[in-house]
Amino acid sequence: MVFHSLQGLLCLLLLCAVGTFAIDIQGRIVWNDVCSNATTLGRAKVVLDSGSQHAGAVTASGNFKIFDAPVGTYLLSVISHDYTFDQLRIDVLDSPEGAVGVEVRPYIAGTPLNPPADVLLPHPITLAAKQKFSYFTAPESFNVLSMLSNPMTMMMVVAGFMMLATPYMMKNIDPEALEDFKKEQAKMSGVQNAIASGDFKGGISAIMTAAEEQAAARAAPRTGKGRKSKR
């Protein structure tokens, strides 16, 4: 009986000793024009660091409390679905006398946690919503300039212009040049048809024949000039 009493007293002393090195972090959400009440805020909680060990729910009155935060440095955040809040640096400190205190400092997201800011904020903490998240993205309106800046649109415009301008260009071409163009087009069509049908030998022969004819056509004027010069 005495042994059990001593064991219970020892456990109580241990709990008291552990409790002296921990403190409750408490504060309040202040309603403003961004977030006017708890119904608008919805379900929210205040966490230290990731919130896996120390977190506290926000009540209907806006109050929150995180129980038994041990000595250390933490980043306090408000987890809310629709609103953003400032983050704070929390330092839980112990003194030589055994007392535990809390220091609250402002923190800018994305900056190093150390060194701490020189400004001290009061505890219990007071927080207010900064802005509301916007999950809706307005669709883009019709813009002619943005449509024309698209490379595919530019290619379609150029192709359409060439289709419309080709008949007028063909009318102004010299008849002999037009006839040569039609012959070359017919030869290329024959080569493409031969290759498409699988007759690679015929296609290569057509290409070689066309090359020889072009070489002969280029050499003919030079030969004529040479004969005239001899006379």
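So here's what we get for this one:
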{"read-out": "Residue in the stretch 89-97 that is out of contact with any Leu (no Cβ under 6 Å at 6 or more places or on another chain) and of a type in the set (A, V, I, L, M, F, W, C) present", "value": "yes"}
{"read-out": "Residues of the stretch 41-73 that turn out to be in a strand (DSSP E or B), surrounded by fewer than 20 Cβ atoms within 10 Å (Cβ to Cβ) and in contact (Cβ under 8 Å) with a residue 40 or more places away in the chain, as a count", "value": "5"}
{"read-out": "Residue check for A38: among the small types (G, A, S), in the same structural domain as A117 (by TED's automatic domain parsing) and surrounded by 15 or more Cβ atoms within 10 Å (Cβ to Cβ)", "value": "yes"}
{"read-out": "Residue pairs meeting the criteria (Cβ under 8 Å; at least 6 apart or on separate chains; first β-branched (V, I, T), in the stretch 136-157; second modelled with pLDDT under 85)", "value": "T153/M147; V157/L148"}
{"read-out": "Residue under evaluation M155, criteria (1) among the aliphatic types (A, V, I, L, M); (2) surrounded by fewer than 10 Cβ atoms within 10 Å (Cβ to Cβ); (3) more than 20 Å from S77 (Cβ to Cβ), criterion not met", "value": "(2)"}
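The values are calculated or read from the model by the stated rules, or taken from the named source; none is laboratory data. Not measured: the values here are computed from a predicted model. Cβ atoms come from the backbone with ideal geometry, glycine included; neighbour counts cover every protein chain shown.
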